[in-house]
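Please treat every number below as a calculation from the coordinates, not as lab data. In this text, all values refer to a predicted model and were calculated from it rather than measured experimentally. Neighbour counts run over all protein chains shown; Cβ positions are idealised from the backbone, glycine included.
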Amino acid sequence: MAQDAQRLKTILSSAPVVPVIVHDDVSTARALAEALVAGGLANLEVTLRTPNALKVMAEMAKVPGAVVGSGTCRKLDDLKASEDAGCQFMVSPGAPVKLLEAAEQVSIPLLPGIASPTEAMTASLMGYAYLKFFPAEAMGGAPVLKSFASPLPDLTFCPTGGIDIEKAKTYLALPNVICVGGSWVVPDAAIKAGDFDKIQKLAAGAATLKG
Ligand code: 3PG
């Protein structure tokens with residue numbers, strides 16, 4: 001099987017929310033990760049969207065309790081670099097077959113993104129049971145995942161995209177949702193202001209959601 005489903009299940013079931021982090025400042029990476037972990041969110045998705053993203057991941061991976069993952073993985077090089085940076089999981093906005101095949105060459109599990117039944121079935125046929133639903137709100141939100149549950153009962157989702165704490169509750173109430181991803185716990189303004197207390201509080205609020 002291409003995806004280590006058990007490993008991914010263990011990681012994703014440990015917290016109801018995965019913060020989606022776009023961060024370039026290596027000097028504040030640790031403080032940001034510490035605030036999120038202290039608030040109760042251990043799984044941290046750091047997107048490969050900034051020049052220093054890999055360095056940020058490596059810094060965050062030093063924080064006790066942090067389970068760092070890479071986000072926005074699009075090609076084999078991204079997967080290999082994520083593994084080298086100390087990531088424990090990887091996330092992609094999509095599920096191109098080439099990427100799913102490439103993931104077999106790295107030892108950490110990939111959570112690929114899907115937005116339709118055909119994409120979900122393609123990933124499923126290649127051994128992927130845990131999938132990101134992206135962009136969740138724009139693609140129809142919780143009613144879509146509810147509709148997936150009966151025909152695709154063996155697939156489990158992490159919806160991401162346009163989710164806030166209220167919407168998160170609706171998704172987390174679905175049986176085929178293991179956790180949700182979102183950036184609302186890491187607002188740009190708080191990061192720029194160095195207001196890590198605020199981020200810890202937002203994380204604590206998210207961590208109490210029922211997963
Ligand atoms: C992303 O990849 O940017 C995530 O989907 C985060 O989405 P959000 O900012 O709408 O939470």
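A few points about this structure:
- A Förster radius of 41 Å, combined with the Cβ-Cβ distance separating Asp24 from Ser150, puts the computed FRET efficiency at roughly 0.45.
- Candidate cross-link partners of Lys192 among the aspartates and glutamates, defined by an alpha-carbon separation under 19 Å and a same-chain spacing of 8 or more, comprise Asp24, Asp25, Glu34, Glu45, Glu59.
- Taking a point 7 Å out from the Cα of Ala193 in the direction of its Cβ, none of the residues of the stretch 14-56 has a backbone N less than 11 Å from it.
- Structure-based [θ]222 nm, the chain - -39500 (n - 2.57) summed over DSSP H runs of at least 4, per residue, nearest 500: -11000 deg cm²/dmol
- Extension gain (nm, one decimal) between Lys9 and Ser107, 0.36 nm per residue minus Cα-Cα: 33.7 nm
- Globularity index of the chain is 0.94 (Cα radius of gyration / 2.2 N^0.38 Å, N = number of residues).
- Rg/Rh for the stretch 113-202, where both radii come from Cα atoms and Rh is the Kirkwood radius: 1.07
- Spin-label pair Thr50/Ala2, simplified geometry with 7 Å Cα→Cβ offset, distance in nm: 3.1
- Mean Cβ count within 10 Å, highest first, over the residues of peptides 133-145, 36-48, 174-186: 36-48, 174-186, 133-145
- Structural descriptor for the stretch 5-207: relative contact order 24 percent, calculated from alpha carbon pairs under 8 angstrom and at least 6 residues apart.
- Cα principal axis extents for the stretch 26-140, largest first, Å: 41, 31, 23
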